[in-house]
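J.: Mind having a look at this structure? Questions to follow.
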Amino acid sequence: MEVGLSAFVIFFAAIFTNNILLTNFLGMCSFLAISREVNSSLGLGLAVIFVMTWTSALNYLVYYYLLVPSNLTQFRYIAFIIVIAAFVQLVEMIIERYSPVLYVVLGVFLPLITVNCAILGVCLFMIIRDYNFLSSIAYGAGGGIGWTLAIVAMGGIRQKLANAKIPKPLEGPGITLIIAGLMALAFMGFSGMIQIQ
Amino acid sequence: MAKLTSQAIIIKGLWTDNPVFRQILGICSALAVTNLMVNTLIMGLSLIFVTALSNVTVSILRNITPTRIRMMVQTLIIASYVIIVDILLKAYLPDISEALGAYVGLIITNCIIMGRCEAFARQNSVWPSFVDGIASGVGYALVLLAVAFFRETAGFGSVFGLPVIPSEWTRWTIMVMPPGAFFMLGVIIWVVRSIGDKELKKDETTS
């Protein structure tokens, strides 16, 4: 019971109070580049949720059943990167073969994901924080959903901003960062609800 | 690509093509570690080390790396250097290693390093690649230190842990929390781009 509860708490904390983008700053590069409109933000977000959930599970298994027994934990960075890259490649091939519709939606975003720091970040955080298997999956899924929430909201705001008068040097990344700051402020309002480290 | 002198490469890395405010690369770790200047300095030095050495390695291997798998090779080279940094930090600076936590590992996915390997080291010989790695790394570290300077002075009233602002001054706690990082970097990009735009206009009118 307690294990299930903690996984549930971690899931919600990863979405709201410890949003991976707004409090841990992970995945900023693609966040700044892609968040121009809602549709592509959503596409990338879905791909991130999918890959993040699966790779956190896979990397958990790799870390605790492969690296820890053979005392190779120092090499976790290399192992994680290989797992993520291989998984993304595999998913790309599978959906290209079996689901052309999904490939059109997610295809262009998948290669971007290998270098998305959020994916590697989630895997590293779950090791550092000693999550169990269920919590790790919950953290991966929650992290992905939280990231998607933030990027879709930003996509919506930026679509409106296209009509706003912004000082020239502030356009693009500058204003996006300032809005992200305001969003982070808003998300801090959730922090009284639940706390994870 | 035309041959560039070391001096030109350094100016490009530090100012005209500065990774953070020109190319908007590597923002993730730029924001996460900048609440204290000490952490920022260590992060900056680690990044300079990794960028310079992976640039050198990629450049040495550039003629024997098959194009199709070059991304994988570059990632592995970068990851190896990051592991070295991680072990060194754990051994000699355990406190800072603890504070930086996962962000040391995240140097691997810092787009600056991959970007420099891909854009520069792959086509240039060893020495220019080394200089380019150092210059980009220093350019990145300087922006990080600037962000950290404002965040630490406003949030904790100190520089490198030494108090500089008397305690009567109300601390802007918001500056050391996540939103402060976003605001600060946004403002710095704004300021730098305003200066850059003026320079561009001047160049256009003189030429």
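J.: Within 20 Å of A:F80 (Cα to Cα), among the acidic types (D, E) and surrounded by fewer than 23 Cβ atoms within 10 Å (Cβ to Cβ): does that describe B:D86?
T.: Values: within 20 Å of A:F80 (Cα to Cα): yes; among the acidic types (D, E): yes; surrounded by fewer than 23 Cβ atoms within 10 Å (Cβ to Cβ): yes.
Yes; evaluated as a whole, the condition is true for this residue.
J.: Quick one: count up the residues across region A:176-187 that are surrounded by 18 or more Cβ atoms within 10 Å (Cβ to Cβ) and at the interface with chain B (Cβ under 7 Å from one of its Cβ atoms).
T.: 5
J.: Run A:I145 past the list (1) touching a residue at least 12 places away in the same chain (Cβ under 8 Å); (2) farther than 27 Å from A:F12 by Cβ and report the number of the one that doesn't hold.
T.: Result: A:I145 fails condition (2) only.
Every residue, every condition in (1) within 15 Å of B:A102 (Cβ to Cβ); (2) part of a helix (DSSP H, G or I), yes or no:
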site: A:V51; (1), (2): no, yes
site: A:S56; (1), (2): yes, yes
site: A:L61; (1), (2): no, yes
site: A:P69; (1), (2): no, no
site: A:V83; (1), (2): no, yes
site: A:V88; (1), (2): no, yes
site: A:V91; (1), (2): no, yes
site: A:I95; (1), (2): no, yes
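This table checks each residue for (1) within 14 Å of chain A (Cβ to nearest Cβ); (2) at pLDDT 85 or above.
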| residue | (1), (2) |
| --- | --- |
| B:A121 | no, no |
| B:G139 | no, no |
| B:F183 | yes, yes |
| B:K201 | yes, no |
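J.: With the checklist (1) under 30 Å from A:Q159 (Cα atoms); (2) β-branched (V, I, T); (3) under 17 Å from the mean Cα position of the chain (by Cα) in hand, flag the one item A:V101 doesn't pass.
T.: The number of the failed condition is (3).
J.: Of everything in region B:41-77, what is aliphatic (A, V, I, L, M), crowded, with 16+ Cβ neighbours inside 10 Å and closer than 13 Å to B:I134 by Cβ? Give them in sequence order.
T.: The answer is B:L47, B:I48, B:V50, B:A52, B:L53, B:V56.
J.: Those residues that are in a loop (DSSP other than H, G, I, E, B), surrounded by 15 or more Cβ atoms within 10 Å (Cβ to Cβ) and in contact with a strand residue (DSSP E or B) (Cβ under 8 Å, 6 or more places away or on another chain), I need them from region B:147-182; list them, please.
T.: Matches in region B:147-182: B:G157 only.
J.: Looking at B:I107, B:I69, B:I60, which one is within 26 Å of A:T73 (Cβ to Cβ) and either of a type outside the set (K, R) or modelled with pLDDT of 85 or more (or both)?
T.: Residue meeting the stated conditions: B:I107.
J.: Continuing with the same structure: Could you pull out the residue among A:I157, A:I166, A:I179 that is under 24 Å from B:S194 (Cβ atoms) and in a loop (DSSP other than H, G, I, E, B)?
T.: On the way: A:I157 fails: in a loop (DSSP other than H, G, I, E, B); A:I179 fails: in a loop (DSSP other than H, G, I, E, B).
Sole residue among the options that is under 24 Å from B:S194 (Cβ atoms) and in a loop (DSSP other than H, G, I, E, B): A:I166.
Condition check ((1) within 23 Å of A:I82 (Cα to Cα); (2) in contact with a strand residue (DSSP E or B) (Cβ under 8 Å, 6 or more places away or on another chain); (3) more than 10 Å from every other protein chain (Cβ to nearest Cβ)) across all residues:
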{"residue": "B:L47", "(1), (2), (3)": "yes, no, yes"}
{"residue": "B:S54", "(1), (2), (3)": "yes, no, yes"}
{"residue": "B:Y103", "(1), (2), (3)": "yes, no, no"}
{"residue": "B:I108", "(1), (2), (3)": "yes, no, no"}
{"residue": "B:S125", "(1), (2), (3)": "no, no, yes"}
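J.: Given A:L26, A:L72, A:L61, A:L90, which one is of a type in the set (A, V, I, L, M, F, W, C) and either surrounded by 16 or more Cβ atoms within 10 Å (Cβ to Cβ) or in contact with a strand residue (DSSP E or B) (Cβ under 7 Å, 6 or more places away or on another chain) (or both)?
T.: Checking each option against the conditions leaves just A:L26.
J.: To continue, here is another question. Can you find even one residue in region A:128-142 that is under 27 Å from B:M114 (Cβ atoms) and at the interface with chain B (Cβ under 8 Å from one of its Cβ atoms)?
T.: Checked against the condition, which is being under 27 Å from B:M114 (Cβ atoms) and at the interface with chain B (Cβ under 8 Å from one of its Cβ atoms), region A:128-142 yields at least one hit.
The values are calculated or read from the model by the stated rules, or taken from the named source; none is laboratory data. Because the structure is a prediction, the values reported are computed rather than measured. Neighbour counts run over all protein chains shown; Cβ positions are idealised from the backbone, glycine included.
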